[in-house]
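The values are calculated or read from the model by the stated rules, or taken from the named source; none is laboratory data. In this text the structure is predicted, and so the values were computed from the model without any measurement. We place every Cβ from the backbone using ideal geometry, glycine too, and count neighbours over all the protein chains shown. Heads up: the accessible areas ignore ligands, DNA and RNA and are worked out on the full protein's heavy atoms, side chains in. Shrake-Rupley method; radii C 1.70, N 1.55, O 1.52, S 1.80 Å.
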Amino acid sequence: MTTQFDVDGPAVERATVRVGVVDDEPMARAFVSKILASAPDLHVVGEGADGGEALQLARTQELDVLLLDLRMPRMDGLDALRELRRLPVMPAVVVLTTFHADQAVASALRLGAKGFLLKHVDPAELVRAVRVAARGGAVLDPTLTHDLMGHLASHHLDRIGAAAEVARLSARLRDVLRLVGMGRSNNEIAEELRLSDSTVRGYVSEILAATGCSNRVTAAVLAQRAGLLD
């Protein structure tokens, strides 16, 4: 099962989630679109075969979620992400990849992708991941998470650096970070620690600022790298 993380940010409020699917393999696009079409609340509004077509979809279709391959001709997924960040409203991008522990996946997260899934993900998990991304959350394929640590090579994500960063946090913030690393939502953390949702959201923001993590996904990796989940 994929690990799912809440992140701070706007969430989709419309009843139908508008999704774009971009992959240079026609069969892969057709398979993903067919799976998503089986869900009554998901609507595939367009497909594309490269990064340029991903940008066109995002500019014209008011996408909520964009499923994006990384290795494509003409403009690849990373170049597309760099351009998508310039848009007034960037869709939630979930990377679909066939590569384990690929450096490009780590780069995609740094560029604002909300998560990543292997292309052979279970259909039910794919549908669930799109819904989570549309709500402002992020998803990680657990088979990639451990290996990804080695590619998120900022100073605070090697094992020694991670432990030092975490040690500087208060006990309460370490508790919150541990639960973030376990994939708990803000609401679940609030219930477990008997706090309000707004307090938890504030704690998460404080953790990101204190550790230099760019988002909740990298904070979760930091928690694992520092041994909080051992």
- Item | FRET efficiency, 1/(1 + (r/R0)^6) with R0 25 Å, evaluated for Ala30 and Glu62 via beta carbons | 0.60
- Which whole-number percent gives the relative contact order of the stretch 31-92, counting Cα pairs below 8 Å spaced six or more residues apart? 30
- Accessible-area order (highest first, 1.4 angstrom probe) of the listed residues Ser185, Ser214, Ser196: Ser214, Ser196, Ser185
- Note on the structure: At the level of C-alpha centres, the distance separating the stretch 102-138 and the stretch 68-94, in angstrom, is 13
- What ranking of Met27, Met72, Met90, Met182 comes out by heavy-atom accessible area, probe 1.4 Å, highest first? Met27, Met182, Met90, Met72
